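First up is the structure itself, then whatever we jot down about it.
Here, each number is a calculation from the coordinates, and none is a lab measurement. Computed from a predicted structure; not experimentally measured. Here Cβ is always computed from backbone atoms with ideal geometry, including for glycine, and neighbour counts include all displayed protein chains.
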Amino acid sequence: MNPPRLLLVSNGHGEDLGAAQLGQALNRLGAPVAAFPLVGHGDAYKHLGIPVMTPTRSFPTHGMGYQSLRGRLQELGNGQTTYGFKQAMAAALSARHHEAVVAVGDVVPVLVARLSRRLAFCYLVAFSSHYEGKLRLPWPCGQSLRSQRCLGVFSRDQHTAADLSTQLGRTVDFVGNPFLDAVGESTNPLPGLPHPRVGLLPGSRLPEALNNLGLMLAMVLHLSCHGDGGPLGLAAAMAQGITVDHLQTVALQQGWHLVEHDPPHPGAAALQLVHGSLRVELYWGRFADVLHGSQLLVAMAGTAAEQAVGLGKPVLQMPGAGPQFTPRFAEAQRRLLGPAVFCGMGSPGSAANAQDTARLVRLLLRDGDLPTICLRTAHERIGHRGGSTAMAQAILRNLK
C-alpha cells in the first residue's frame, strides 16, 4: 500500500516555518508532502526541499494588516484580500489531488481543509486560550473541527488543548510546537565571552526590520548608563533581505559605523556596527546560533520570540511602528508567552522607552531567579523539542 500524500496549507511566516518542520518529519516517516502557502513566498518550505504547489507573492503588510483599520484598507487597496480569497480557493482544489490536508494557522487553512472535502488535520498554531482565558473560535472554525473528516486537532499549548477539548467535545492534543525544532541546536556556536551576550532580533520583514534595528541601536546607546556599567556582548540576527547598503543607511542615521574586520575567533562575525566602545556583531543565516549564544533577547518579532521562550530565554520587547510589531501585537504576545516576556515603559520609539529598555536589560541579566522562571514557562507555553515528529506520528497513525 502506497503511503498517503499530504498537502500542507499555511498562512504566515511562522505558520510556514512550523508546517515545513512537520513536513520534513512526515517525509522522514515515508509520507510524501507538498505545500500550499497562502501568504508570502513559502521560503521555509523551499529551504527544506518541500515542493510548493502555487505561484507565490508578498505584500507590504505581510498578512499583518488585520491589526489596524489602515492595514485592512491597505490590503483591500493593493489586492491582497482578493488574492488571499483566490489562493484559498486554489488550495482547496489542489487538496483534492491528495489523500489528506494538514491545515496550519488559523481559521483560513481550516476552512480550506473543510472546502477540500478531504481528510484533514489541524494544527491551530495561531490560536491560544492564554489570550483571553477561554478561546473564542471564529466562525466556521468550530464546525469544521467537529467534522468527521477532521481526524486530528493539535494545539500550541496545554491550556488551549484542555479548553478546546471541552468546547469541541473531542480530544485536542498538545504534543509540542514544530517551530521549536527549527532552532533545537546551534550548529556553529558563537564564540564564548567572559561577560553576558544580549541578542537583538529586529524581525524578518522589510522595511520594518530595518526600522526596528534603528530603535534597538538607539536603546543600546543607553546601556552603559545603567547598572554596574560592565561590558556586554551584542549580537544581531539579520534577515536575509538586509544588505550592506541597508545597514550603511541605518548606521549613518543613528551615528554608528559599519566595520568589516577579520574575526578573532572561529564563528565570530565579520561585520560589526560600532559606536565608540559599543559593538554589535551582525549575523546572517545564524539565527539559532544567536538564540543559543545569548542570555537575553531583545525582540521585535513574532515567531522568533516564541522560539526564544521555548529555549528558556527571557525576552525583552521593544514595540515599534509596525505593521507587525506594534504595541497591540506586543501586548498580545505577553499574554501568550507569560512571565518570560518583559517590556519597557514609554511610547514606541521614544527616548523614554529606549532608556527604560536599557535599564531592564541590566536588571534582568542580574536576576538569579529568572532562568528557573523561563524554563518553566518554556515547558508550559511552548513545550519540549520533538513536536514535529510527535505530530507527524499522530497524523500517520490516524490515517491507517
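Test of understanding: what is the full-extension gain from Leu399 to Ala162, defined as 0.36 nm times their sequence separation minus their Cα-Cα distance?
82.9 nm
Compute the length gained on full extension between Leu93 and Thr187: take 0.36 nm times their separation in residues and subtract their Cα-Cα distance, giving the result in nm to one decimal.
Computed gain between Leu93 and Thr187 is 29.9 nm.
Counting just the Cα atoms, what span does the chain cover along each of its three principal axes? Round to the nearest Å and put the largest first.
Computed over the chain, the largest-to-smallest principal extents equal 64, 44, 41 Å.
If packing is taken as the average number of other Cβ atoms within 10 Å across a peptide's residues, how do 124-130, 308-314 rank, most packed first?
Per-residue Cβ counts within 10 Å, averaged per peptide and sorted highest first, yield 308-314, 124-130.
Roughly what % antiparallel, to the nearest 5, for the DSSP beta bridges in the chain? Intermediate results must be reported in sequence, preceding the final value.
Details: 10 of 50 bridges.
Bridges in the chain that DSSP calls antiparallel: roughly 20 percent.
Show me the three semi-axes of the equivalent ellipsoid for the stretch 197-381, from the C-alpha gyration tensor (sqrt of 5 times each eigenvalue), largest first, rounded to whole Å.
Those come to 23, 18, 17 Å.
Apply the Karplus parameterisation 6.51 cos²θ - 1.76 cosθ + 1.60, with θ equal to phi minus 60°, to every residue of the stretch 288-294 and state each ³J(HN,Hα) to the nearest whole Hz, in sequence, with x for glycine and proline.
The phi angles translate into 4, 5, 5, 4, 5, x, 10 Hz.
Would you please give the residues with an amide H less than 5 Å from that of Leu38, counting only those at least 5 places away or on a separate chain, with H modeled from the backbone geometry?
Ser10, Asn11, Gly12
Could you check the spin-label model distance between Arg117 and Ser347? Points 7 Å from the Cα along Cα→Cβ, value in nm.
Between Arg117 and Ser347, the label points sit 5.5 nm apart.
Across the stretch 318-335, in residue order, what do the Karplus-derived ³J(HN,Hα) couplings come to in whole Hz, using 6.51 cos²θ - 1.76 cosθ + 1.60 with θ = phi - 60° and x for Gly and Pro?
Ordered by residue, 3J(HN,Hα) equals 9, x, x, 8, x, x, 8, 8, 8, x, 5, 5, 5, 5, 5, 5, 5, 5 Hz.
Quick one: 3J(HN,Hα) in Hz for the stretch 189-194, Karplus 6.51/-1.76/1.60 with θ = phi - 60°, rounded, Gly and Pro as x.
For the stretch 189-194, the Karplus-derived couplings read x, 5, x, x, 10, x Hz, x marking Gly and Pro.
Can you give me the long-range amide H partners of Phe174? Hydrogens built in the peptide plane at 1.01 Å from N, cutoff under 5 Å, separation of 5 or more residues or another chain.
Residues meeting the amide H criterion: Ser155.
Going 7 Å from the Cα of Thr56 toward and past its Cβ, which residues in the stretch 284-303 have a backbone nitrogen under 18 Å from where you end up?
Hits in the stretch 284-303 for Thr56 at 18 Å: 285-287, 302-303.
Starting from 0.36 nm per residue, how many nanometres of slack lie between Arg170 and Ser277 once their C-alpha separation is accounted for? Present the calculation step by step, with values, prior to reporting the outcome.
Details: separation 107, 0.36 × 107 = 38.52 nm, distance 5.86 nm.
Extra length from Arg170 to Ser277 when fully extended: 32.7 nm.
Find the percent of Cα-Cα distances in the stretch 178-238 that exceed 15 Å, and round it to a whole number.
Roughly 64 percent, rounded to a whole number.
Tell me which residues come under 5 Å, amide H to amide H, from Cys150 once H is placed; ignore anything under 5 positions away on its chain.
It is Ala120, by chain and number.
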